[in-house]
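I am attaching a structure below and will ask some questions about it afterwards.
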Amino acid sequence: MDDAYMRGPLLLLSGRANPSLSTEIGELIGMSPDGATITEFADGEIFVRIDHNVRGRDVFILQPTSAPADNIMELCLLIDAAKRASAARVTAVIPYFGYGRQDRKDQPRVAIGAKLAANLVVAAGADRVISIDFHQHQIQGFFDIPVDHLAATKIFCDHFSSRDDMNGDDMVIVSPDVGNVKVANMYAGLLDAKLAIVDKRRDSGSEVVSKRLIGNVDGK
């Protein structure tokens, strides 16, 4: 497959975070994503080698950065390998941007993990990032390179609209917290559904206490 936008032939590479997604995308574009050898040394250190010539090519590297942290390191190593092999452009395709929840300093002595993760991708040498539904839109600004922030809104809405067992009168879109009301309200409008909000308090990174439910979900 050739890229007509003044680049060499497109090359799709994949890390090990989500091989089934990589395979499905490869089938859709008629290209195998299995173009890199990724192994580990005895001490657990990750080793990557790109098995194709990438000089002058437009390289897309597909790798979510969800836990464990090895996934983001694997992505950075693949980016670095492509840049050092003289790729014309390297695009990091990150379906799920891990550490995105840590997007602000909301208490003393905490890291802003989303900014750090973005810095790692940029420092590794990525020229562009493609991702879907960041935890917050502001994360786009954490990258010092162009970002294509895609939304899955149409896919979700088409799915629920096509179901015979659902209609606007029976459907309630629930926002899990006050901060997500804007997104939930958008879905409610598109699906002609009602809106409800959970008022919650986060005691820690893994513990959430729901205080009250705002809205009516009885029988919905």
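The values are calculated or read from the model by the stated rules, or taken from the named source; none is laboratory data. Not measured: the values here are computed from a predicted model. All Cβ positions, glycine included, derive from the backbone under ideal geometry; neighbour counts span all protein chains shown. Accessible surface is based on the protein model in full, side chains and every heavy atom, while ligands, DNA and RNA are left aside. Shrake-Rupley method; radii C 1.70, N 1.55, O 1.52, S 1.80 Å.
Search the stretch 8-34 for residues being in a loop (DSSP other than H, G, I, E, B) and surrounded by fewer than 18 Cβ atoms within 10 Å (Cβ to Cβ), and hand back the single one that is nearest to the chain's Cα centre (by Cα).
Looking at the filtered set, the residue picked out is ARG16.
Do any residues in the stretch 152-175 that are closer than 14 Å to ASN216 by Cβ and among the acidic types (Asp, Glu) have Cβ atoms under 6 Å from those of residues that are modelled with pLDDT of 80 or more and open to solvent by 60 Å² or more (accessible area, probe 1.4 Å), where the two are at least six apart or on different chains, and which pairs are they?
Listed by first residue and then by second, the contacts come to ASP170/LYS220.
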